[in-house]
Every structure is written in structure tokens, then in C-alpha cells.
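Data first, discussion second: the structure below is written as C-alpha cells.
The values are calculated or read from the model by the stated rules, or taken from the named source; none is laboratory data. In this text the structure is predicted, and so the values were computed from the model without any measurement. Cβ placement follows ideal geometry from the backbone for every residue including glycine, while neighbour counts extend to all protein chains displayed. Note: accessible area is taken over every heavy atom of the protein model, side chains too, but ligands, DNA and RNA are not part of it. Shrake-Rupley method; radii C 1.70, N 1.55, O 1.52, S 1.80 Å.
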Amino acid sequence: MSEIERESMEYDVVIVGAGPAGLSSAIRLKQLDADLNVVVLEKGSEVGAHILSGAVLDPAGLDALIPDWKEKGAPLNVPVKSDAFYMLGEAGGIRIPNFPMPPLMNNHGNYIVSMGNVCRWMAEQAEELGVEIFPGMACSELVYGENGEVRGVVAGVFGLEEDGSIGENTEPGMELLGKYVFLSEGVRGSLSKEVIEKFQLDADSEPQKYGLGMKEIWEIDPDKHKEGAVFHSLGWPLGKNAAGGSFVYHAENNQVFIGLVTALNYQNPHLYPYMEFQRFKHHPMIAKLLEGGKRVAYGARAIAQGGWQSMPKACFPGGALLGCSVGLVNVPRIKGNHNAMLSGIAAAEAAFAAIGAGRASDELTEYNTALREGPVGRDLYKVRNVKPFQSNNGVLGALGLGGFDMWTNTLGFSIFGTKSHGKSDADATQKAARWNPIDYPKPDGKLSFDRLTNVSYSFTNHEESQPAHLKLKDPSIPIAVNLPEYAEPAQRYCPAGVYEVVEEDGKDPRFIINFQNCVHCKTCDIKDPSQNIHWTVPQGGDGPNYPNM
């Protein structure tokens, strides 16, 4: 669509994505220079609509950005009061004492929050400073300059025909151009993926590793609610089938945030992460908590887990990658929002200095250095070996070797050096014939639910006449390759029931993409063993409408 003539607008900095990283960069830019023209483009129907996180928030990022956040009414209302860690079996669990854990694992001083609501509040702070924020504006294309540098983005394309062609009701969108373009799209964003490949930003890093996080919000019996209580577990139900763990956070208003994270480097293509999550809620400890309550929201998203080893170069000609576009989650702490905010601050400061020096559309190498050598890099470097130990040595490896390594890293050294992640998550998938199918219990409709029913609680909507935003590079591969070799795992790894294999008597099987169900988790783009699915943005405003995830 690059041949279409579009109107354009010029800014100092164009920011794609109104998550914690993008909003932090916008706020910091205006703090540094109120006259800078800064725009934030958000594909969700409103700020926060596409934000999903656990979340226990380390306020370090907010402390650096808005030190008086408490006086300004930031929605950090539930400090962590208790912190329990369990190793679960099917019928019970063993509590792991807190004292052997490194100090960095302590949740004292952190808050149980809805990151969607935190981002809504941050957007208010940004707008008060003069930042322009446009929700419902999906950025579908990059604009390149004469020398191949990124100059801006195309946003606001609406009304394409079902085959992707221009129709009489098509709105071609606008080009928003900037001296610098910040990509803070979250995990595996389509524009970020493009610049990483184009500029070979990952040439010196390991493959990024991912987890699939699924979350429900429940309203529970007030007598069972313990505001500020934090629960994490390893072991059941995933066991040896996959790495990962669960969480239960007691938020305000008698609500609990409950979820399961499944590492996407699992080998067995029969694994069904969504059903593992549903099974988790039948554990005696969890079932007792949820009994008599009701589920009020559901959602899912991928989580970048590669950490230090997998960080691509974070700057490119004309812009920078921020937050989860780089992959800044501290895996053992299950926290990345603070690092996303700190990355936004560092990028803003680098761009401010560059613009002040008369620069534009070059590489913000100062930002890349600050990210690696500053607080974000120090945070990730200490825990860099936990994920490789988890991947290669299982749960006990993560607890034993990973815990020991974190302790030594707090003292400034590691006897293990820096461990390797190895294969990508797609390459980790093995042939179906090597594994037995897994028999999952049928959801009971009380504690556990089928996917399509649960997706309705994500309030997802896509205009059905638009082109599918999930693209197959080769439409024959799902049936010709993935089905016979891998039992077509897209039927199972997608937490929203987007992909189906339909088999009818006397007819060849068909691969169906129900893109209307998509909750924008990007798991398909990550886990497909043939790397045949390319996730792109639908038209702006479409997708989930999370209330307070």
C-alpha cells in the first residue's frame, strides 16, 4: 500500500504503543522540553484496552519518572502484604521458605495493580504535559527515508476490502513522521519484528524466548479474600511437560488475579496451555479459594523471557525499541513493567539530547548503552541464567542452580558465566509421533471454561469484513506439513480458539482462521513450528477491550 498518497504530519518523536514504556518516554520527553512535539499512537480502542499483566509492580520506574505519583493519585492501592511460594503436586503443595531466596525476590515495597489502569493514569499525566495520544490508531506500516532510515509510520488505515484491496470506503490513513520513532508495541510487534530483521538488530543476541501468560479476574467470597496476598507456584499442572508457573494475587474489591504462564519452548505438540490453565484451577488450594466466586474477565498475551542474552540492539537508524519490544522481563521476579518504564525514560533522554544537538533520524547509540549499562541491564544481568537453567534442567534446575547463581550474582560473580538459551521456541517443537496425546478433563463451567466462552470475557471484537490480520506465508503448510508432522499445534497453543482444522466426511481437511477471536497474544507468530504465521495489526480499535487487566 506504499504507493497510496497520504497526508503527513511532522513530530519530534512518534511513539507506537501506549503501554508503560511508550507513555514513560512521552512523559519524560515533555518533562525535559515542553516544546517538543510528541505523539503516541495506540491500536487499542482506548489506552489500557490491550494491556494485560499479572501484575505485581515494582515502583522503581514510576519513582524515577513521577516521584510524587502517590500524591497524584496513581492507582497503586494494594501494597504486597504477604508473599508465598509453593511447589505443587496434584493433591497438595509444599511451601518453599522465603529465607533461602535472594533478596531481589522479595516483594516488599511492591504493589498489586491493574497495569491497564496504571497506563490509563499515565496517559492522563502525559496529556496534561501536552502529549498527543490517539487511541484506535493501528500502525500498519513503516515509512523509510531516502537512506533507508525509519522516518515514521502509517496509521489509521480503515475499510480495506476483505482481500486487502482498496475499496470506495477505504480510509488510507496518514503518515506520521518524526525525527525519531519509538516502537513500544509490546511482545513480537509486527513493526519491531520488521526493523529487527531489516537492520539485523539481533545479530549478536540469542533467540528470544517466550512464555504464554493467561489470566482471569475473579470476584471471590470476602471471607476468603486477603488483600495484598501474593501466591506463586511451580510444578503441577505442567510438571515435566513444560516449564512455567502460576500466580494468584489478591487485589482490591474482593478480586483475585489468577494466571498460568507456560514457557513456549515445550517439545510436545499435543500440549494445550489453555487447558493446563483451566486444570490448575481445580487444584484443591485454588478450587477452595474460587468456590462461590465468579470469573469477570479473561485474557492472554505472550511474555518475552529471554532476558539479557536475547536483547537485540535497541536502536536503529531513525528510532529505538522500547520495553517488551526489546524483552526486559526479569523472569524469576515475573516483573518487567518497571524496566519498560526505565527504558522509556532512557530513550527519551537520548532523543532529547540528540534533538538538542541538531540531530535527527540517526542511531541513538547512547540509549542502547544506557539500557545495557544502567539499572535495566543490571537488573537483567543478575538473573540471566535462570531461564536457561529452567529450559535445560527443568524446575529443580531453575530452583537449585538458578537460585545459587542469583545469590552469587548479588555478590558480583557467577561460576556459570552466561548460559545459552539454545533453540528458538518454534524449533523446540518436536514431531507429534514422538509424544502421546494428553487427555484433558472437560471444563465444568464453574471453575473451568471452554475457550470460546472465556474469550467472550476478553470483550474482543474485530470488524469481520476487513482482511484477516493473521497471514499465512504459505497457505498449504498447515494441512500439508503441520497436520501430519505436528498434529497442527495451532489448534492448541492459541488461547483464543482462532485456529481450527475442520475434517468433514469425504473431504480434505481445511485450516480455518477465526481472526475475530484473536486477543493479540502473538503466540502463533512465535510457536508455529513452520514459522508460517505472521501476526499483523488489524484496523485500529479492534481486538480485546480489557477493563482492568
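Results for (1) charged (D, E, K, R); (2) at pLDDT below 95; (3) outside any loop (DSSP other than H, G, I, E, B), shown as yes or no for each residue.
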| residue | (1), (2), (3) |
| --- | --- |
| V230 | no, no, yes |
| L234 | no, yes, yes |
| N241 | no, yes, no |
| V248 | no, no, yes |
| T262 | no, no, yes |
Checklist outcome for this item: Going through the range 208-228 in order, the residues found to be part of a strand (DSSP E or B), touching a helix residue (DSSP H, G or I) at 6+ places or on another chain (Cβ under 8 Å) and over 20 Å from I303 (Cα atoms) are W218
Item to check | Options I220, I196, I166; residue that is closer than 30 Å to G244 by Cα, touching a residue at least 60 places away in the same chain (Cβ under 8 Å), open to solvent by 20 Å² or more (accessible area, probe 1.4 Å) and of a type in the set (V, I, T) | outcome: I196
Checklist entry - Given (1) in contact with a Lys or Arg (Cβ under 9 Å, 6 or more places away or on another chain); (2) buried (at least 17 other Cβ atoms within 10 Å of the Cβ); (3) farther than 25 Å from Y249 by Cβ, where does E10 come up short, assuming only one miss? => result (2)
Item to check | Selection count where residues are outside any helix (DSSP H, G or I) and modelled with pLDDT of 95 or more, scope the range 440-465 | outcome: 15
Item to check | Those residues of the range 52-72 which are over 15 Å from the mean Cα position of the chain (by Cα) and in a loop (DSSP other than H, G, I, E, B), in sequence order | outcome: D58, P59, I66, P67, D68, W69, K70, E71, K72
Next on the checklist: Tally up the residues in the range 531-547 that are open to solvent by 40 Å² or more (accessible area, probe 1.4 Å) and either assigned to a loop (DSSP other than H, G, I, E, B) or of a type in the set (K, R) (or both), please.
Outcome noted: 3
Item to check | Candidates L238, L260, filtered to the one that is without any contact (Cβ under 8 Å) to a residue 40 or more places away in the chain, within 19 Å of V331 (Cβ to Cβ) and touching an Asp or Glu at 6+ places or on another chain (Cβ under 7 Å) | outcome: L238
Checklist entry - Which one of these does V519 not meet: (1) open to solvent by less than 40 Å² (accessible area, probe 1.4 Å); (2) out of contact with any Pro (no Cβ under 9 Å at 6 or more places or on another chain); (3) in a loop (DSSP other than H, G, I, E, B)? => result (2)
Next on the checklist: If I filter the range 403-410 for residues that are open to solvent by less than 40 Å² (accessible area, probe 1.4 Å), out of contact with any Lys or Arg (no Cβ under 7 Å at 6 or more places or on another chain) and of a type in the set (D, E, K, R), do I get at least one hit?
Outcome noted: yes
Next on the checklist: If I ask for residues that are more than 26 Å from the chain's Cα centre (by Cα) and either under 19 Å from P59 (Cα atoms) or assigned to a loop (DSSP other than H, G, I, E, B) (or both), which ones from the range 335-361 would you list?
Outcome noted: A357, G358, R359, A360, S361
Checklist outcome for this item: When every residue in the range 82-126 that is part of a helix (DSSP H, G or I) and modelled with pLDDT under 95 is compared, the one surrounded by the fewest Cβ atoms within 10 Å (Cβ to Cβ) is P103
Item to check | Residues of the range 63-81 classified as closer than 22 Å to N548 by Cα, open to solvent by 30 Å² or more (accessible area, probe 1.4 Å) and touching a Leu at 6+ places or on another chain (Cβ under 9 Å), total | outcome: 1
Next on the checklist: I'd like to check something: does the range 411-419 contain any residue that is touching a helix residue (DSSP H, G or I) at 6+ places or on another chain (Cβ under 9 Å) and assigned to a helix (DSSP H, G or I)?
Outcome noted: no
Item to check | Only listed residue being among the hydrophobic types (A, V, I, L, M, F, W, C) and assigned to a loop (DSSP other than H, G, I, E, B), chosen from A21, A49 | outcome: A49
Next on the checklist: Residue under question is L57, and the condition is that it be modelled with pLDDT of 95 or more, open to solvent by less than 10 Å² (accessible area, probe 1.4 Å) and in contact with a His (Cβ under 9 Å, 6 or more places away or on another chain); does it hold?
Outcome noted: yes
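Yes or no, residue by residue, for (1) open to solvent by 30 Å² or more (accessible area, probe 1.4 Å); (2) under 25 Å from the mean Cα position of the chain (by Cα); (3) more than 12 Å from K209 (Cβ to Cβ):
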site: N385; (1), (2), (3): no, yes, yes
site: G412; (1), (2), (3): yes, no, yes
site: F416; (1), (2), (3): yes, no, yes
site: K423; (1), (2), (3): yes, yes, no
Next on the checklist: Tell me yes or no: at least one residue of the range 172-182 is out of contact with any Cys (no Cβ under 7 Å at 6 or more places or on another chain), closer than 27 Å to I533 by Cβ and open to solvent by 10 Å² or more (accessible area, probe 1.4 Å).
Outcome noted: yes
Next on the checklist: Of everything in the range 489-516, what is closer than 24 Å to E162 by Cβ, assigned to a loop (DSSP other than H, G, I, E, B) and either touching a Pro at 6+ places or on another chain (Cβ under 6 Å) or open to solvent by less than 20 Å² (accessible area, probe 1.4 Å) (or both)? Give them in sequence order.
Outcome noted: C494, A496, G497, V498
Next on the checklist: Among (1) among the hydrophobic types (A, V, I, L, M, F, W, C); (2) at pLDDT 95 or above; (3) open to solvent by 20 Å² or more (accessible area, probe 1.4 Å), there is one condition V395 misses while meeting the rest; what is its number?
Outcome noted: (2)
